[in-house]
1. Of the numbered conditions (1) surrounded by 18 or more Cβ atoms within 10 Å (Cβ to Cβ); (2) in contact (Cβ under 8 Å) with a residue 40 or more places away in the chain; (3) of a type in the set (A, V, I, L, M), Ala347 satisfies every one except a single condition; which is it?
2. Looking at Thr163, Thr173, which is the one that is among the β-branched types (Val, Ile, Thr), in contact (Cβ under 8 Å) with a residue 24 or more places away in the chain and in contact with a Ser or Thr (Cβ under 6 Å, 6 or more places away or on another chain)?
3. Is one or more of the residues making up the range 110-119 under 39 Å from the mean Cα position of the chain (by Cα), surrounded by 15 or more Cβ atoms within 10 Å (Cβ to Cβ) and in contact (Cβ under 8 Å) with a residue 40 or more places away in the chain?
4. Any chance you could count how many residues in the range 1-31 are more than 36 Å from the chain's Cα centre (by Cα), in contact (Cβ under 8 Å) with a residue 40 or more places away in the chain and surrounded by 14 or more Cβ atoms within 10 Å (Cβ to Cβ)?
5. Could you list, in sequence order, all residues of the range 683-725 that are aliphatic (A, V, I, L, M) and surrounded by fewer than 13 Cβ atoms within 10 Å (Cβ to Cβ)?
6. Quick test for you: out of Ile494, Ile490, Ile520, pick the one residue that is among the β-branched types (Val, Ile, Thr), farther than 30 Å from Val586 by Cβ and in contact with a strand residue (DSSP E or B) (Cβ under 6 Å, 6 or more places away or on another chain).
7. If we keep just the residues of the range 77-109 that are under 39 Å from the mean Cα position of the chain (by Cα) and charged (D, E, K, R), which is farthest from Ala182 (Cα to Cα)?
Amino acid sequence: MKTILGLDLGTNSIGWAKVCINDDGNYVREIKLGSRIIPMSQDTLSNFDKGVTDSPTAARTGFRGIRRIRERVLQRRERLHRVLHVMGFLPSHYEKAIGWNREEATTYGKFLDNGEPKLAWERQEDGSMRFLFMDSFHEMMADFAKCQPGLVADGRKIPLDWTLYYLRKKALTQAIKKEELAWILLNFNQKRGYYQLRGEEDEEDPTKREEYYELKVVSVEAAEEGKGGNTWYNVTLENGWIYRRQSKIELNDWTGKIRQFIVTTEYEKDGITIKKDKNGEVKRSFRAPSEDDWGLRKKRTESRLEDSGKTVGEFIYDHILSEPADKIRGNFIRTIERKFYKKELEAILREQSKYHKELKDLNTLVNCIKELYPNNKAHQDSLMKKDMIYLLITDLIFYQRPLKSKKSLIADCPYEYYEYVIKETGEIKRQGIKCIAKSNPYYQEFRLWQFIINLRLFDRTNDKEITSEYLSSMEDYTKLFIYLNDRKEINQEILLKDFFKQKKVKMGMEKEFPIRWNYIEDKEKKYPCNETRHELLAALDKAGIDHSWLDDKERFYRLWHLLYSVESKEEAEGALRKLNDNEDFVNAFLKIKPFKKEYGAYSEKAIKKLLAVMRIGTQWNEDDICEQTRNRIQSIINGDIDEKIKERMGRTFSQLSDFQGLPEWLACYVVYGRHSETTDIQRWTKPENLMAYINGFKQHSLRNPIVEQCILETLRTVHDIWKEA
């Protein structure tokens, strides 16, 4: 008699079912089933009752993200403090508020006593605050006296903190004080702009083009009555466009005002010819940017910046001069790309290096580098080849930490490994090779051959297998591979209709194909083909390059590896130019979204060996078969083969060319001598041993409390069922 326990693991509960069967496979007892609810906090239960289904893991991830962002902001500020201290740019009151004792890591470079002093403001003995840069403030007041005389008339003042924007503009052409430059640097450290990773751009639709416009309203005309008490208005814009919209409120006050629009123009499939409506007018739609939509705000602000030809600081200061009542931070300038801030700061530092020797002095650069990296000789040498401006901009303020690879979490291949010797002991150690990325061209081909080799066709009337009638030769299988290899995905209907040229016939109440495949019959279910190749071919089409460019397997692999491994847009652009210095080529492939970090069950090395005996027809090449596999094949031909495997094969092998089109399990046996792998696992022989393991489990050892809780509750469930049995 056998007892079988089935488990359904979740983050909130563990379902279980227990059955007992005899040697003939018949049930001998009643099926028992149940579930164990994992304890949840009261707030989680309350949210669940409200319909909020956020898991504890999601909440934990959110808090961790906030904590890490804050830690990195403070770390950047601390590093900048240390460099400005070495350069002698910090005001005395600000410098005194920072800990400079190297022995105390918790305060070195950080504010003492949890203080948050302002660099531009110094606290006096009587508790009042003194603004340090009054000379620059008075210079700014002179600008306002010219542009906004009413604002500063009769001794009225403007905010002292606006001086920062004045200094950002002034620093582009004139000398400013060291302390003023430190204020600017710390301000850039706070607001660095949005860093857009490669692939995060909005996908472009060639049939629709969205553009930002600021247009003056020339006239407003009420056209006709609409539904629900609305009136349709024709709003004529300065460039001749007519914006039609309906409103319950009169729009006559729009005349003479400048309005913001996101204008969508429709194009034909060629992306060049503009679509027109039945009246011969250009198909164009208008919508106002939503103030809550940061993407449109970003687009709007960047459009203004580029049209003005100014830096961010200049742009803000000139706007304050003309519209002093406008809110700047979070409204006028909210989210823009980092490149705008970076370009401005570089221009400021280049200009200020003419007046402050610390920005050009080699000794100062060396001292700053040693302050930041006292033990990292390699990075020291790298930075020595740069200048102070590079250190401040790229290494400090706009430094972007690369994403961790987490390669250690990828499973090891069950077949391939390498060995190394520990010099001290002479012991030989074995290290598994990591499994292949699913987007890898070799994995994509491997998965496609699996799909093709396992494909079976059946007559729908009598359910008889008829695969050999449609795939009767190696040439047929090769044609099927070539057909599927350029596709992203396939379903039964498309395959039977397009490749096998089948037509639906009346069968009962509905029309059906006379044959079916052995995979799931669902129109919505699609099976992946060669997704990587399909995406690269689409990019080649956009670049106007022939598909034959990918026929070179080595170049195909290099291109995939580049797009898979390089996250930075700038680095990816440089690498793409080495492959093909064509502007359309580079732009097309830069828009490909980064491939998902998903992995297969075998390593690339193993996949290559398996593919050598899985390919069919013209795709197969005996030169791809390695020496080790050739020896195994010769042994099989000579009759050295497991009897059970021989029975399961269903065909004989007498020569090397017979070893093609093998299913995965047989390919694994031919190449490695086995088709399954049993890993070492810990076993318990009685429930007491299992409970001892649970009691001795070290808390936080998995570094993930949610997973830890699920595993422990699962083990407790198994223990209770086992003990009862």
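1. (1)
2. Thr163
3. Scanning the range 110-119 turns up at least one residue that is under 39 Å from the mean Cα position of the chain (by Cα), surrounded by 15 or more Cβ atoms within 10 Å (Cβ to Cβ) and in contact (Cβ under 8 Å) with a residue 40 or more places away in the chain.
4. The qualifying residues number 3.
5. Filtering the range 683-725 for residues aliphatic (A, V, I, L, M) gives 690-692, 694, 702, 706-707, 711-712, 715, 718, 721, 725.
Once the filter is applied, which keeps residues that are aliphatic (A, V, I, L, M) and surrounded by fewer than 13 Cβ atoms within 10 Å (Cβ to Cβ), the range 683-725 yields Ala692, Val707, Ala725.
6. Only one candidate passes the filter, namely Ile490.
7. Glu104
Residue-by-condition table, conditions (1) crowded, with 17+ Cβ neighbours inside 10 Å; (2) within 44 Å of the chain's Cα centre (by Cα); (3) farther than 27 Å from Phe481 by Cα:
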position	(1), (2), (3)
Asp623	no, yes, no
Ile633	yes, yes, no
Asp640	no, no, yes
Gly650	no, no, no
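The values are calculated or read from the model by the stated rules, or taken from the named source; none is laboratory data. Not measured: the values here are computed from a predicted model. Virtual Cβ from ideal backbone geometry, glycine too; neighbours counted across all protein chains shown.
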